[in-house]
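Bear in mind that the values in this text are calculations on the coordinates, not laboratory data. A quick note: this is a predicted structure, and the numbers were derived from the prediction, not measured. Note that we place each Cβ from the backbone using ideal geometry, even for glycine, and neighbour counts take in every protein chain shown.
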Amino acid sequence: MVINDFKRTCARCGGSGHQPGFVQMGVSQINYDGRCPGCSGRGFELTELGRDLVEMLRPIVMEMIQEERADAEPPPRKEKLV
């Protein structure tokens with residue numbers, strides 16, 4: 001397998017991630033933030049295999065994040081002197 005099995009270049013922006021404007025319902029629109037609306041500025045879109053891989057790994061990554069948060073000690077409280 002190669003990376004192209006998981007993602008493909010965005011056809012809308014050609015992989016640059018930027019698009020100055022676009023046509024919506026026959027009217028030219030200014031794209032104020034400049035990010036491509038097709039790929040959200042990433043320059044690529046996931047293939048079906050890529051989406052499946054992300055959905056498979058998402059619960060594992062979320063579990064790892066929750067474990068790290070549980071292991072982290074809360075910062076010490078600053079008590080007011082009265």
Out of region 16-72, which residues are of a type in the set (Asp, Glu) and within 20 Å of Phe6 (Cα to Cα)?
Glu45, Glu48, Asp52, Glu55
Cβ-Cβ under 8 Å pairs, at least 6 apart or on other chains, region 48-62 side under 15 Å from Arg8 (Cα atoms), far side outside any helix (DSSP H, G or I) and charged (D, E, K, R)
Gly50/Lys7
Give the residues of region 13-33 that are under 17 Å from Glu45 (Cα atoms) and within 17 Å of the chain's Cα centre (by Cα), sorted by residue number.
Cys13, Gly15, Ser16, Gly17, His18
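Under the condition of being in a loop (DSSP other than H, G, I, E, B) and out of contact with any strand residue (DSSP E or B) (no Cβ under 8 Å at 6 or more places or on another chain), which residue from region 21-38 is nearest to Arg8 (Cα to Cα)?
Only one residue fits best here, namely Asp33.
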Output for region 39-59, where each listed residue is buried (at least 16 other Cβ atoms within 10 Å of the Cβ) and assigned to a loop (DSSP other than H, G, I, E, B):
Cys39, Gly41, Gly43
